[in-house]
Amino acid sequence: MKIDLRILYLCDFDLKRKSGKDRATYQKLTALSSRVNSLEVISCPFRNPILRFLSVFLLDIKSFFYLLFMRPDVFISRGRCGFFTLMLAKLFNISSVREVHSNAVEESTLLPYKGLKLILVKITSYISHKLDVWADVRIFNHPDLLCWYQSHSLAKKYDFFVYNGFSPSSHSTLSKSDARIRFNIPEEEKVLVFVGSASQWHGVEYVVNLQEQFNLHGDNIKIYFGGGDISAFDKFGFCTNFTPLDDKGCADLIRAADFCLLPVKKNRISPGSPLKLYDYIANERFVIAQSESDGYSDEVERHGVGFSVNFLCPEEARIKIIEELSKEWPSVFPTCKVTWSDRMEEWIDGISKHLQSKGVF
């Protein structure tokens, strides 16, 4: 049953891309559109960084006039665009909501950019952060972000957090045997898979160190990567890396796994809500998560889809993994209510509380 809610959604990236936040946002909005009366989406068609920077103003103008003439109930935005639309929403008493996935200013200091590109990133990150602060409501993707905003008196009463999710249609149809044939992986090998991007905050070096421990002890366990170039972290080639793989290729690689890996490097205010966790769940593979990490171990333990280790101690992690691999795990994967449809129910509940406080819903 649809809710009588009209939403304008604005973002500054390309929803037609088939990977990362672009794919996830498209899936998320598809789920949201099935639950509300009207959803208008305005996104950026450009992938070139300069064109994307320039399009920030064009997208804002487009959404400004949509809001001016269509008067939706809620204006939701993410990224660097929407300044004038947000101001107009405040003028017309239209509720403004921001998706917040990081502290944009902090994260800009961790990106490997230089020169003009770094300057542009810092400017737009500052704009994005200001928009996050000015909105009526923030939807965080991690509780640590919400806590940081609260501790800095930047949060408001109806802010809330919702973890990421997955679309059931994104799973691979390959069996484990067929997936191993595709990637030429021996059937008898114990296989661990990681499909996160090779970024500074995903803890790629922890996984490489773990493979080194397996090699030192002669374990028949191999780690396979599918998320991008890891050569900077794996100088001696301990791991096998398939790159580039699109979302379908990553799903197929996950299906070849005995378990999937979910490390994280705690060098940000929020470690984020890893999309790869939900790709693992969509493809019915049990997960080895970083211990004592919200968004990682808590989700894995809550839904009974794996176990936790401390990837920062590869010797201890190795022993724990070998113990768990020797056990009989359920042949039927648990049902997890973490699809995008489930998450959008949480969105609607949170936004509705704010609207009810205004007496307009």
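The values are calculated or read from the model by the stated rules, or taken from the named source; none is laboratory data. Predicted, not measured: the structure shown is a model, and the values here were computed from it. Ideal geometry is used to build each Cβ from the backbone, glycine not excepted, and the neighbour counts take in all protein chains shown. What goes into the accessible areas is simple: the full protein's heavy atoms, side chains included, and nothing from ligands, DNA or RNA. Shrake-Rupley method; radii C 1.70, N 1.55, O 1.52, S 1.80 Å.
Out of all the residues in the range 158-170, is one or more over 25 Å from the mean Cα position of the chain (by Cα), open to solvent by 30 Å² or more (accessible area, probe 1.4 Å) and at pLDDT 95 or above?
no
Given the condition closer than 26 Å to Phe92 by Cβ, assigned to a loop (DSSP other than H, G, I, E, B) and open to solvent by less than 50 Å² (accessible area, probe 1.4 Å), answer yes or no: does some residue in the range 44-65 qualify?
Yes.
Taking interchain pairs and intrachain pairs at least six residues apart, which have beta carbon atoms under 9 angstrom, with the first residue in the range 300-319 and exposed (fewer than 15 other Cβ atoms within 10 Å of the Cβ) and the second part of a loop (DSSP other than H, G, I, E, B) and at pLDDT below 95?
The qualifying pairs are Gly304/Pro330.
Looking only at residues in the range 1-21 that are acidic (Asp, Glu) and open to solvent by 10 Å² or more (accessible area, probe 1.4 Å), which one is farthest from Leu58 (Cα to Cα)?
So, considering only residues that are acidic (Asp, Glu) and open to solvent by 10 Å² or more (accessible area, probe 1.4 Å), the one farthest from Leu58 (Cα to Cα) is Asp4.
Within the range 171-194, can you find the residues that are open to solvent by 20 Å² or more (accessible area, probe 1.4 Å) and in a loop (DSSP other than H, G, I, E, B)?
Once the filter is applied, which keeps residues that are open to solvent by 20 Å² or more (accessible area, probe 1.4 Å) and in a loop (DSSP other than H, G, I, E, B), the range 171-194 yields His171, Thr173, Leu174, Ser175, Asn184, Pro186, Glu187, Glu188, Glu189.
Are any residues in the range 267-311 touching a helix residue (DSSP H, G or I) at 6+ places or on another chain (Cβ under 8 Å), over 24 Å from Gly249 (Cα atoms) and not in a loop (DSSP other than H, G, I, E, B), and if so, which ones?
Result: Gln290, Glu299, His303, Phe307, Ser308, Val309.
Of everything in the range 231-255 that's in a loop (DSSP other than H, G, I, E, B) and within 21 Å of Pro186 (Cβ to Cβ), which residue is nearest to the chain's Cα centre (by Cα)?
If we take residues in the range 231-255 being in a loop (DSSP other than H, G, I, E, B) and within 21 Å of Pro186 (Cβ to Cβ), then Leu245 is nearest to the chain's Cα centre (by Cα).
Go through (1) in a helix (DSSP H, G or I); (2) touching an Asp or Glu at 6+ places or on another chain (Cβ under 6 Å) and name the single condition Gln211 misses.
(2)
Give the residues of the range 99-142 that are in contact with a Ser or Thr (Cβ under 8 Å, 6 or more places away or on another chain), among the β-branched types (Val, Ile, Thr) and at pLDDT 90 or above, sorted by residue number.
Passing the criteria: only Val137.
Being at pLDDT below 90 and either in a helix (DSSP H, G or I) or within 21 Å of the chain's Cα centre (by Cα) (or both), is that true of even one residue in the range 86-96?
no
In the list Ser331, Ser326, which residue meets the criterion of being surrounded by fewer than 19 Cβ atoms within 10 Å (Cβ to Cβ), small (Gly, Ala, Ser), out of contact with any strand residue (DSSP E or B) (no Cβ under 7 Å at 6 or more places or on another chain) and within 21 Å of Phe214 (Cα to Cα)?
One residue alone meets the criteria, Ser326.
Scan the range 270-285 for residues that are open to solvent by 10 Å² or more (accessible area, probe 1.4 Å) and farther than 19 Å from His142 by Cα and jot them down.
Answer for the range 270-285, where residues must be open to solvent by 10 Å² or more (accessible area, probe 1.4 Å) and farther than 19 Å from His142 by Cα: Ala282, Glu284, Arg285.
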